[in-house]
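What follows is a single structure, written as structure tokens, with notes after it.
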Amino acid sequence: MTSTTERTATRAEYCVIACAEAWRDAGEILASPMGTVPAVAARLAKLTFSPDLLLTDGEALLIGDVPAVGAASTVTEGWLPYRRHLTMVMGGRRHVMMGASQIDRFGNQNISCIGDWERPKRQLLGVRGAPVNTLNNPVSYWIPRHSPRVFVAKVDMISGVGHDSAAAAGPSATRFHDLRRVVSDLGVFDFATPDHAMRLVSLHPGVTVDQVREATGFELSLPDDVPVTREPTGEELRLIRDVVDPSGLRDREVRA
């Protein structure tokens, strides 16, 4: 019988690892994962290379244990109502991983509407906390379906502030602006280029550069040699499969 650590990692598990790396050695900050894969990733990070990471129950409690995704916590560490959560956001002691209905080459994110703002084709969530998130604490993005409809040349409305928009707004916007990484079902991306345009950092196994190009609505910065996203260790796979996400919810969000 094949053991857990000997089975090949799935695309979803590579995505979990790529998201977890956003919180590596983060110290005592609040992780705010949005989405199933980021939720699995934050828990994995706390159980491995970021033990001081703070997690919540998704409502108003800081939790002291690491329950499986979808399970209730049994250890309460603190009280974090919405007003205190906002204070933490303003102070920068939080790293949020948000989603995006659209994202452009400079990291501007849209979760508000599709089409012209005055007469949109689709109404979405609204900007919510995205502007404050992107201007006050580290932000990463998780995109479970990489396509030209999401990775666009220009977002229809700016919710999360990208590098070009922050620069245009001036020092008050750039002072704490910190976009860390974008993880999709195809690869990992960052903004570590001279003009802060999106760069391909790694490809998930089985994905080619041409696939990423075809699924992206703008020109990406590409290194000469694109590495593969790092492989989960045997212990990380055990934690993902047996402890953090035994129900396999991650595979519903990422289809290889």
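The values are calculated or read from the model by the stated rules, or taken from the named source; none is laboratory data. A quick note: this is a predicted structure, and the numbers were derived from the prediction, not measured. Neighbour counts run over all protein chains shown; Cβ positions are idealised from the backbone, glycine included. Remember, those area values only see protein heavy atoms, side chains included, never the ligands or the DNA or RNA. Shrake-Rupley method; radii C 1.70, N 1.55, O 1.52, S 1.80 Å.
In the neighborhood of V16, defined by Cβ-to-Cβ distances under 9 Å, what is the net charge if each Lys or Arg adds +1 and each Asp or Glu adds -1? Mind dumping the intermediate values first?
Values: positive: R250; negative: E13, E236, D245.
Around V16, the charge tally is -2.
For the stretch 30-96, which trypsin sites (Lys or Arg not before Pro) pass both filters: DSSP loop (anything but H, G, I, E, B) and at most 11 other C-beta atoms within 10 Å? Spell out each step's value before the answer.
Numbers: sites: R43, K46, R83, R84, R93, R94; in loops: R93.
The qualifying sites: there are none.
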Whole-percent pair-distance distribution, where bins are 10 Å wide, for the alpha carbons of the chain: 7, 30, 36, 22, 5, 0
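Mind pulling the per residue volume of the convex hull built on the Cα atoms of the stretch 27-128? Å³ is fine.
Values: hull volume 13.8 nm³, N = 102.
With only Cα atoms used, the stretch 27-128 gives 135 Å³ per residue.
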J(HN,Hα) series, the stretch 152-160, from Karplus relation 6.51 cos²θ - 1.76 cosθ + 1.60, nearest Hz, glycine and proline x: 10, 5, 8, 6, 6, 8, 8, 9, x
Given the protein chains as shown and a 1.4 Å probe, how many square angstrom of I111 are accessible, to the nearest 10? 20 Å²
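Under a Cβ-Cβ cut-off of 15 Å, what is the net charge of the residues other than D195 that fall near it, where Lys and Arg count +1 and Asp and Glu count -1?
Details: positive: R105, R199; negative: D104, D164, D190, E219.
With Lys, Arg at +1 and Asp, Glu at -1, the neighbours total -2.
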Can you list residues whose amide H is under 5 Å from V228's amide H, if they're 5+ apart or on another chain and H is modeled 1.01 Å from N? L203
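What is the antiparallel percent of DSSP beta bridges lying wholly in the chain, to the nearest 5? Write out the running numbers ahead of the final one.
Details: 16 of 31 bridges.
The antiparallel fraction comes to roughly 50 percent.
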In sequence order, what are the phi-derived ³J(HN,Hα) couplings for the stretch 232-249 according to the Karplus relation 6.51 cos²θ - 1.76 cosθ + 1.60 with θ = phi - 60°, rounded to whole Hz, with x for glycine and proline? x, 6, x, 5, 5, 5, 4, 5, 4, 7, 9, 10, 7, 9, x, 7, x, 5
Under 5 Å between amide hydrogens, which residues at least 5 positions from F151 or on another chain qualify, with H placed 1.01 Å from N in the peptide plane? I103, G217
Mind putting a number on the dipole of the chain about its Cα centre? Charges go on the C-beta only, +1 for Lys and Arg and -1 for Asp and Glu, and I need it in Debye to the nearest 20. 640 debye
Over the stretch 11-250, what percent of the accessible surface lies on carbon and sulfur atoms, probe 1.4 Å? 51 percent
Springs between alpha-carbon pairs under 10 angstrom, Gaussian network model over the chain: which of T134, T36, T74 fluctuates most? T74
Compute from the Cα atoms of the stretch 40-82 the Rg and the Dmax, the latter being the longest Cα-Cα distance, and quote both in angstrom. 9.9, 28
Amide H of L124 versus every other amide H placed in the peptide plane: which residues, excluding those fewer than 5 positions away on the same chain, fall under 5 Å? C113, I114
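Could you calculate the contour length gain from A192 to L86, that is, 0.36 nm times the residue separation minus the distance between their Cα atoms, to one decimal place in nm? All intermediate terms of the calculation are to be shown ahead of the outcome.
Details: separation 106, 0.36 × 106 = 38.16 nm, distance 2.84 nm.
Going from the current span to full extension adds 35.3 nm.
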Find the relative contact order for the stretch 11-250 and round it to a whole percent, using C-alpha pairs within less than 8 Å whose residues are 6+ positions apart. 21 percent
